[in-house]
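Below: one structure, written as structure tokens.
The values are calculated or read from the model by the stated rules, or taken from the named source; none is laboratory data. Note that the structure is a prediction, hence the values are computed from the model and not measured. Here the Cβ positions follow ideal geometry from the backbone for every residue, glycine too, while neighbour counts run over all protein chains shown.
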Amino acid sequence: MQKIEKIQTKDNAIQLLNTALEHEWAVSFEYIIHAYSTPKAKLFYYDPILKTTMDARAQTIQIGIDEMYHSLQLGIIIKQLGGTPSFKSDELFRFPKVIDNFYRDKKTEDLVTHLYQTAEFEDGVFPKIQNMILNISYDEVRHAEQFTAMICSMKNEGSEDTLCFPSYPDASNREDVQILHQIMRLENELLHRYLKYVIDFSEHQDLCQRLYKNSINHMRHWDKNAGILIKLGDVIQIENAEKDVNGVEKSTNPMPSFYPGEDRISALETLIPTENDLILLYEKLIPKISNKDITEQLNRHLALKREHLFTQEWLLKNAKKIKGLT
Ligand SMILES: [Fe+2]
Ligand SMILES: [Fe+2]
Ligand SMILES: [Fe+2]
């Protein structure tokens, strides 16, 4: 992580915000992958901030969502300053033991807290950005305390050897599971593409709120599908990952790094075929599943994809009707 200590000019501010954005973008994804690989309702811990017992998996998802909000906040301010948000992703690790993922996540939190809290703003320069950075940093402080509590409780309860969900070859070679992986990939891609466009078009609330709603829907479906995948005997895959002899997976290219569409029309145009592809995949998958609860869930997802398609087609048509719209 690049270190930017002195913030005096607009360029310094954009540089700090972009370093932070790249980090937030990458870790939100890493935390979600870690959470989706962690057994559900098995690892509980006493949360020192919430002062109640929490499911480590569920709270890790929540922390991942906090990081998505941080990305949004940072990206929107970069746009306001006239900069170009950077959506580079970073390397991602998944360890076989749940506790090792939490150790990494805790370390990440400490690193970013340091980045935020050591950024030195010249007096009176960008006071609101300075305030935002400080506010975000205390979310990171909370996250670090929460990951620490998860680790301590696993150690105290003797569950430090708990493994992530494995991938069973019998399952991962099945056609339904492979289609579900393709769906997961597209849900993730669309979630992030919508989020990027929220930032790109944040100067006006109409388009940005609509895209944000769709992004959240894709997040929810990605989440539900992660659970379905486990019921089918597999676990979320990490794109382009290599596994070492100890079973540690590492990917330097784990998520989309290319986001097509620069202006309103071209961005809207690129979303429609992807929404369509997703619909086709759900339509292909549903008849292959025999479990009624799962098909009901998938049908609900499919219905919402059709709503997205309808909306996106009209957003595009309406945008094309108006001269001078950027
Ligand atoms: Fe964050
Ligand atoms: Fe965090
Ligand atoms: Fe959609």
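Structure above, values below:
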| quantity | calculated |
| --- | --- |
| Which numbered condition Gln130 fails, given (1) away from ligand 2 (no atom under 16 Å from the Cβ); (2) in the same structural domain as Thr53 (by TED's automatic domain parsing); (3) free of Cβ contacts under 8 Å to residues at least 24 places away in the same chain | (3) |
| Qualifying residue in segment 186-203 (condition: more than 23 Å from Lys243 (Cβ to Cβ), away from ligand 2 (no atom under 16 Å from the Cβ), surrounded by fewer than 17 Cβ atoms within 10 Å (Cβ to Cβ) and not hydrophobic (A, V, I, L, M, F, W, C)) | yes |
| Residue list for segment 239-274, filter: touching a helix residue (DSSP H, G or I) at 6+ places or on another chain (Cβ under 6 Å) and part of a loop (DSSP other than H, G, I, E, B) | Met255, Pro256, Tyr259, Pro260, Gly261 |
| So Lys213, is it in contact with a strand residue (DSSP E or B) (Cβ under 6 Å, 6 or more places away or on another chain), surrounded by fewer than 19 Cβ atoms within 10 Å (Cβ to Cβ) and not assigned by TED's automatic domain parsing to the domain that holds Thr38 | no |
| Residue list for segment 78-114, restricted to those being of a type in the set (A, V, I, L, M, F, W, C) and within 21 Å of the chain's Cα centre (by Cα) | Ile78, Phe87, Leu92, Phe93, Phe95, Val98, Ile99, Phe102, Leu111, Val112 |
| Sole residue being within 16 Å of ligand 3 (Cβ to nearest atom) and under 18 Å from the mean Cα position of the chain (by Cα), chosen from Pro260, Pro256, Pro273 | Pro256 |
| Unique match (being assigned by TED's automatic domain parsing to the domain that holds Ile14, of a type in the set (Asp, Glu), in a helix (DSSP H, G or I) and closer than 25 Å to Gln8 by Cα) among Glu109, Glu140 | Glu140 |
